[in-house]
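Please read the structure below before turning to the comments.
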Amino acid sequence: PNPAGRSMLDGETRIVDLDLTEQNRELARSFAETVLVGGRTDRIGEFVDAALIQHNPDMADGVGAWREALETVQDGAPVIRYDRVHRVLAEGNFVLCVSEGMRSGAHSSFYDLFRLADGRIAEHWDTIETIPPRSAWKNENGKF
C-alpha cells in the first residue's frame, strides 16, 4: 500500500461521462504535455484536483505529493523526466497516457491512467517499466 493505504488495484472503476470522452482526452493530453513533458509543475493545479486520490505505491494523496515527486532531483538530474507522449486513449472519465522518458537515469515507459471528475484529474494509477536497449529487444513490435 502507498502512504494513503491504497494499492494499484483499488479505486473507482465505473466508466461514466461517455459524452465527455474527447474533452477528457484533451485535458489529460494537455496535462501530460504541459506538466509532465514540459516540466511546468507550477501549473499542476490547473489540471489536478487538490484532493487527488493517488495509487502510485510511493506517493501520498494530494496534488502536492505529485508535484514533489515530479520535482525531485538526484545527483543533479530529475528522478522522473517525461520526454514524449506517444498515445492518449480515452473512454468517458478514464484516460490513459502512454509516454517515455527517464526514471533514475534509465530509459523508461510511463503508463498513467487518470480518472477525471468535474473537469480535473481526480484519481491516478501508473506503471513504469525500463525500456531495454534496442540490442536486447526480442522483436521489432511497432515503433515504440
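Values for this structure:
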quantity: Cα lying deepest toward the dipole's positive end in segment 1-113, options Thr41, Ser109, Phe31, charges on Cβ; calculated: Ser109
quantity: Accessible surface of the chain [probe 1.4 Å, protein heavy atoms]: carbon and sulfur percent; calculated: 49 percent
quantity: Neighbourhood charge, 13 Å Cβ-Cβ cut-off, centred on Thr41 and excluding it, Lys, Arg +1 and Asp, Glu -1; calculated: 0
quantity: Surface accessible to a 1.4 Å probe, per residue, for the residues of segment 30-97, Å²; calculated: 49 Å²
quantity: Gain in span if fully extended, Leu18 to Ser30, counting 0.36 nm per residue against the direct Cα distance; calculated: 2.4 nm
quantity: Helical contribution to [θ] at 222 nm, DSSP H n ≥ 4, -39,500 (n - 2.57), averaged over the chain, rounded to 500; calculated: -4000 deg cm²/dmol
quantity: Contact order relative to length of the chain, as percent, for alpha carbon pairs under 8 angstrom and 6 or more apart; calculated: 24 percent
quantity: Radius ratio Rg over Rh of segment 26-144, counting only Cα atoms, Kirkwood formula for Rh; calculated: 0.97
quantity: Whether segment 35-85 is rounded, prolate or oblate, judged on the alpha carbon gyration tensor where a/c under 1.5 counts as rounded; calculated: oblate
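The values are calculated or read from the model by the stated rules, or taken from the named source; none is laboratory data. Owing to the predicted nature of the structure, the values given are computational and were not obtained by experimental measurement. Every residue, glycine among them, receives a Cβ derived from its backbone with ideal geometry; neighbour counts consider all protein chains shown. Note: accessible area is taken over every heavy atom of the protein model, side chains too, but ligands, DNA and RNA are not part of it. Shrake-Rupley method; radii C 1.70, N 1.55, O 1.52, S 1.80 Å.
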